[in-house]
1. Find the residue count for the range 6-26, including only residues that are buried (at least 17 other Cβ atoms within 10 Å of the Cβ) and within 10 Å of Pro93 (Cβ to Cβ).
2. Among the residues of the range 72-83, write down those that are surrounded by fewer than 17 Cβ atoms within 10 Å (Cβ to Cβ) and of a type outside the set (D, E, K, R).
3. Looking at the structure I just gave you, is Lys101 open to solvent by 40 Å² or more (accessible area, probe 1.4 Å), of a type in the set (Lys, Arg) and in a loop (DSSP other than H, G, I, E, B)?
4. Do you know which residues across the range 104-150 are part of a loop (DSSP other than H, G, I, E, B) and either farther than 30 Å from Gly43 by Cα or among the small types (Gly, Ala, Ser) (or both)?
Amino acid sequence: MDRYRPNVTVACVIEAAGQFLFVEETIDGHATLNQPAGHLEAGESLLQACSREVLEETGLQLMPQGLVGIYQFSASPELAFLRFTFYCQLPAPLTGRPQDKVIKDLHWLSPAQLDNSPLALRSPLVRKCIEDYLAGKRFSLDLLDSSMLAIAAEAKAC
C-alpha cells in the first residue's frame with residue numbers, strides 16, 4: 001500500500017477595511033480566485049513559506065500576524081493537501097504587482113462581492129478560510145515551532 005503523502009501548503013487571508021485580497025489564476029484553462037498560496041519548500045519554515053508566496057503572488061512584503069487554521073482537504077483520492085492558513089490585517093488595501101506569471105490579476109473583494117464573482121474559487125478552502133477568519137478563528141503564531149529545521153541542516157553539513 002502506498003504511503004499517504006498530502007501536499008503541505010500555506011495560504012494567507014489578507015484583510016483591509018472589510019475587503020480581502022485574492023489572486024486570479026488560470027487552472028485547467030479556467031480563471032479562479034484563491035488566497036495567495038503555495039507549497040512549503042525544503043528548508044523553509046511555514047512563516048517563511050507564507051511570506052514568500054505572498055510576495056511572489058502579490059508583490060507585497062507582508063509577515064503573517066496569526067494563524068486562521070490548519071485544514072485537511074482531499075481534492076481527489078490521489079490528491080490531498082494539508083493547508084496552513086495565516087492572516088494579515090492591513091489598515092487599507094494595498095496595490096500589488098504579482099511576480100509569478102501564473103497570477104493574472106489581484107482583486108480586493110468583500111465577502112458579498114466574492115459570492116457574486118463570476119470567477120470560480122480554486123477550492124472550497126478559499127471560502128472556508130474567509131468564513132473562519134470572519135468568525136474570529138485566529139490563533140497565535142506561538143503554535144508553530146520551526147527550531148528543528150536547523151538540526152536537519154546541521155546534520156547534512158557534518
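The values are calculated or read from the model by the stated rules, or taken from the named source; none is laboratory data. Here the structure is a predicted model, which means the values were calculated and not measured. Quick reminder, even Gly has a Cβ in these numbers, built from the backbone with ideal geometry, and neighbours come from all protein chains shown. Note: areas computed on protein heavy atoms with side chains; ligands, DNA, RNA excluded. Shrake-Rupley method; radii C 1.70, N 1.55, O 1.52, S 1.80 Å.
1. Within the range 6-26, residues that are buried (at least 17 other Cβ atoms within 10 Å of the Cβ) and within 10 Å of Pro93 (Cβ to Cβ) number 5.
2. Hits for the range 72-83 are Gln72, Phe73, Ser74, Ala75, Ser76, Pro77, Leu79, Ala80, Leu82.
3. For Lys101, the condition - open to solvent by 40 Å² or more (accessible area, probe 1.4 Å), of a type in the set (Lys, Arg) and in a loop (DSSP other than H, G, I, E, B) - is met.
4. Ser110, Asn116, Ser117, Pro118, Leu119, Ser123, Ala135, Gly136, Ser140, Ser146, Ser147
Yes/no matrix, rows are residues, columns are (1) assigned to a helix (DSSP H, G or I); (2) open to solvent by less than 10 Å² (accessible area, probe 1.4 Å); (3) modelled with pLDDT of 95 or more:
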| residue | (1), (2), (3) |
| --- | --- |
| Glu53 | yes, no, yes |
| Leu60 | no, no, yes |
| Met63 | no, no, yes |
| Ile70 | no, no, yes |
| Phe86 | no, yes, yes |
| Gln89 | no, no, yes |
| Pro93 | no, no, yes |
